[in-house]
Every structure is written in C-alpha cells, then in structure tokens.
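A short worksheet on the structure shown next.
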Amino acid sequence: MATGQQFYEEEEAEQILKLAASKSAVAPGAMSRDRLLATAAELGISPDAVAEAEHEYRASAREANEQAEFEASEKRDFFGHVVSYLIVSTVLGIVYGGGGWSLAFIVGWGAGVLFHAIATFIRSSRRYRDNFAKWKSRRIPIQAVMDALGTDPDAIVHEFVRLQALHNEPAAKLNAVKYVRERTKLDLKEAKDLVDGFAARNPGHLV
C-alpha cells in the first residue's frame, strides 16, 4: 500500500539537512548559488528578487564591517586619550596639589574626555554619526583604487606580509604603508588608513 508524502517540521528538516551535509563533501550550512536560486524558485521568488536581495545583503555586510573597523579605531584613540589624561592629571595633582588653575585644567580636559566617550560609544549621538560619515568618506579613494586594481584592500597588505615572510623579515606597519603607497599611488593618510584597517581585522600579522 502506498504511503502519503512525509512532511517534517522546519526545525526537523534543518537538523536532518545539517546531519546530511556533515556526511557529505559539502560544508554544513553551505549552499551553492544555483541551489539558492532553485530554492527561491520553489518558493515563487524570481531571480531578479534574489539578485536584489544579494546586493542588499552585501551592502549591509560591508556597512557592518566598516562600522566594526571604525569603532575599533575610535576605541584605540579614546583609550589613548584616557591614558594621556590620567597621566597628566596625576602629575598636576602631585606637583600643584590639584588646586587652582590645575583643577580647572583637569576638569576641562575631563569634559573633553566625556564628549570623546559619547562620540565613541553612543551610536545614536550626532558626533558618532558625523565621525563615522567622515571616516567613510576618507575610505572612498581607497575603495576606488582597489576597484581599479581588481582586488580588495587587504590583498595588497597580505601580499606585503607574504613577501616579508619569504625574506624572513618582520612585517612592520611603517614598511607596509610604504609598500601600499608604491603599489596603489594612495597618499600617506589613505595608505595608513588601509594598513590600520588590515591590522584591526588581522591581529598579529603586522608589527
């Protein structure tokens, strides 16, 4: 006697597919684009809609990566600011007793540290948004050059790191900046931003 088609709950189907993937050459969770399009077609989704969704997803992922890189850079600057503030405030407190003009100086600088903290950690603040927008605008020349070269920004620095390793030499950030400038014709600030971004995403590769 023929049996009816068997159905699975969504969670059951997901677990079965993961188990099946683990027993095959396909990485768990991996899906080819052809399979993605086929699945979308089964759901009545057009290839144009899939392409638009892919574009939006990549743009969103790039924005998230840029924001993470921006925040890492801003946090380094902020904590450097805090260390400088604490050192100078301590010295002033010891030398001048923390009174008079030194107290006014410490309080005034402390307010600056507070504003810096707001701009660094509070995403909804106007200073955060303005700083992020300025940071992204500085990256536009970098991305334009990378698009012209047909590569991503990290590829140039990875190339430098590999060359240094072949010669058993340390991959110094200063030399990486020089290499990037020679390869891309970016100016000093843009090349430094590119190398700093690479270092933030790939800790331990540069010294």
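Matching residues to (1) outside any loop (DSSP other than H, G, I, E, B); (2) assigned by TED's automatic domain parsing to the domain that holds ALA72; (3) under 21 Å from the mean Cα position of the chain (by Cα); (4) within 23 Å of GLU71 (Cβ to Cβ):
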{"position": "ARG162", "(1), (2), (3), (4)": "yes, no, no, no"}
{"position": "VAL177", "(1), (2), (3), (4)": "yes, no, yes, yes"}
{"position": "GLU190", "(1), (2), (3), (4)": "yes, no, yes, yes"}
{"position": "LEU206", "(1), (2), (3), (4)": "no, no, yes, yes"}
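The residues on offer are ALA111, ALA117, and the sole one that is touching a helix residue (DSSP H, G or I) at 6+ places or on another chain (Cβ under 7 Å), modelled with pLDDT of 90 or more and hydrophobic (A, V, I, L, M, F, W, C) is ALA117.
The values are calculated or read from the model by the stated rules, or taken from the named source; none is laboratory data. Predicted model, so just to flag it, every value in this text is computed and none were measured. Ideal geometry is used to build each Cβ from the backbone, glycine not excepted, and the neighbour counts take in all protein chains shown.
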